[in-house]
Amino acid sequence: MLRKLLPLLLVACCVVVVVAWASRGPAQQPELPAQFRKLLPLHQKLGKPRPGDWLAVHPEPGQTYRQYVGGRPTKPDKRRRVIYVQPLGDFNRTQRKIINRTAEFLGIYFDLPVKIRKELPLELIPEKARRTHPTWGDKQILSTYVLHDVLRPRLPKDACVLIAFTTSDLWPGEGWNFVFGQASLRERVGVWSIYRNGDPRESGQAFRLCLRRTIKTATHETGHMFSMMHCTLYECNMCGSNHRAESDRRPLALCPHCLAKLCHATGADPQKRFEKLIAFCKANGLKAEQEFYEKSLAALRSK
Ligand SMILES: [Zn+2]
Ligand SMILES: [Zn+2]
């Protein structure tokens with residue numbers, strides 16, 4: 001089911017990136033700047049995809065750092081530098097916490113200012129853009145309506161991206177069951193649902209799982225919005241995911257190529273970024289991620 005859904009969304013955004021690169025050709029950039037090469041031994045190369053995995057279903061060429069830089073990626077600039085987060089729906093206190101922490105994490109991950117906008121009610125969505133899933137009974141809203149009719153008219157002038165998080169399940173139209181999220185690269189808007197990320201009120205572990213899933217999706221999709229294609233080199237947050245189990249086993253960390261792309265796009269200092277990521281993971285009980293970032297920081301500092 002997910003296999004059927006996710007490809008359309010993600011391939012659709014990658015097409016834009018491929019065209020931009022192909023029309024320019026790679027620039028004379030180093031394959032990977034020296035400081036990022038120091039991180040390579042920490043990262044696991046991608047093995048053969050398992051049946052049903054993203055790359056088993058969608059063979060993709062990938063995108064090295066050099067190809068990325070040569071493809072004139074979409075980047076935040078002086079005028080458009082703020083990541084806006086738009087809550088949409090009725091959030092309980094715990095869900096609001098997830099959104100606040102995701103916003104904080106996005107700011108650290110991309111080294112950009114983040115602003116959370118005032119919540120919008122689900123009542124904004126008209127009947128024509130709602131349905132009850134015919135067999136499961138889940139109440140859903142139409143993701144394309146959110147992109148075009150809710151977000152686009154509200155896009156602030158200084159936004160590099162406007163991301164809505166909703167408590168409602170989403171579906172993208174005829175023939176689909178549901179989607180986790182959907183983005184429009186050209187219009188700098190995206191919407192993601194936390195509906196299928198588990199109930200964070202159940203336990204501390206459930207909270208961390210919901211947070212991990214939400215920040216992973218938010219950063220992966222925002223990476224696409226800055227022209228980063230799916231990673232085919234390493235286990236990486238920019239790897240495509242075709243189903244929940246694949247998405248859950250991908251790391252939150254970026255491989256050195258994808259990290260170099262992010263730093264190129266945003267101007268982030270990788271060492272300072274790791275320091276802040278460590279502090280965030282420590283404060284939020286993301287222990288494995290904290291330890292990985294600590295190792296990464298030590299490798300970057302090594303001579
Ligand atoms: Zn993707
Ligand atoms: Zn990568």
Counting only DSSP beta bridges with both residues in the chain, what percent are antiparallel, rounded to the nearest 5?
30
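Averaging sequence separations of C-alpha pairs under 8 Å and six or more residues apart, then dividing by the length of the range 22-179, give the relative contact order as a whole percent.
On the way: 183 pairs, mean separation 39.6, N = 158.
Normalised by residue count, the contact order of the range 22-179 is 25 percent.
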Of Arg66, Arg186, which has the most accessible area with a 1.4 Å probe, and how do the rest follow in descending order?
Arg186, Arg66
Which order do peptides 35-44, 123-132, 187-196 fall in by mean Cβ count within 10 Å, highest first?
187-196, 35-44, 123-132
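Divide the volume of the convex hull of the Cα atoms of the range 178-269 by its number of residues and quote the answer in cubic angstrom per residue. Display every interim value, and only then the final one.
Details: hull volume 10.3 nm³, N = 92.
Considering the Cα atoms of the range 178-269, their hull volume per residue is 112 Å³.
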Listed by chain and number, the residues whose amide H is under 5 Å from that of Leu120, excluding neighbours fewer than 5 places away on the same chain and using placed H, are Leu88, Gly89
Can you tell me the alpha carbon radius of gyration of the chain divided by the globular rule-of-thumb value 2.2 N^0.38 Å?
0.96
Packing-based ranking, highest mean first, of 276-282, 223-229, 264-270, 56-62 given that Cβ atoms within 10 Å are counted:
223-229, 276-282, 264-270, 56-62
For the range 227-303 and the range 89-150, what is the centre-to-centre distance using only Cα atoms, to the nearest Å?
25
Percent of Cα-Cα distances greater than 20 Å, calculated over the range 43-125
62
Only Lys, Arg (+1) and Asp, Glu (-1) charged, at Cβ; the range 216-303 dipole about Cα centre in debye
200
Taking the highest mean first, how do the peptides 164-175, 70-81 order by number of other beta carbon atoms within 10 angstrom per residue?
164-175, 70-81
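Just want to confirm a number: the relative contact order over the chain, from Cα pairs under 8 angstrom separated by 6+ residues, in percent.
Numbers: 506 pairs, mean separation 74.3, N = 303.
25 percent.
For the chain, what are the DSSP H helices with axial Cα length of 30 Å or more and mean Kyte-Doolittle hydropathy of at least 1.0?
Numbers: long enough: 2-24 (34 Å, 1.83); 204-225 (31 Å, -0.52).
The answer, listed by residue number, is 2-24.
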Cα centre as origin, Lys/Arg/Asp/Glu Cβ charges: the chain dipole, Debye
700
Karplus-derived 3J(HN,Hα), 6.51/-1.76/1.60, for each residue of the range 117-122, Hz, glycine and proline x:
8, 4, 4, 9, x, 5
Straight-line reach check, Lys295, cutoff 12 Å on alpha carbons, 8 or more apart in-chain or any other chain, hits among aspartates and glutamates -> Glu275
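The values are calculated or read from the model by the stated rules, or taken from the named source; none is laboratory data. Since the structure is predicted, the reported quantities are computational estimates derived from the model, not experimental observations. All Cβ positions, glycine included, derive from the backbone under ideal geometry; neighbour counts span all protein chains shown. These area figures cover heavy atoms from the full protein model, side chains too; ligands, DNA and RNA do not enter into them. Shrake-Rupley method; radii C 1.70, N 1.55, O 1.52, S 1.80 Å.
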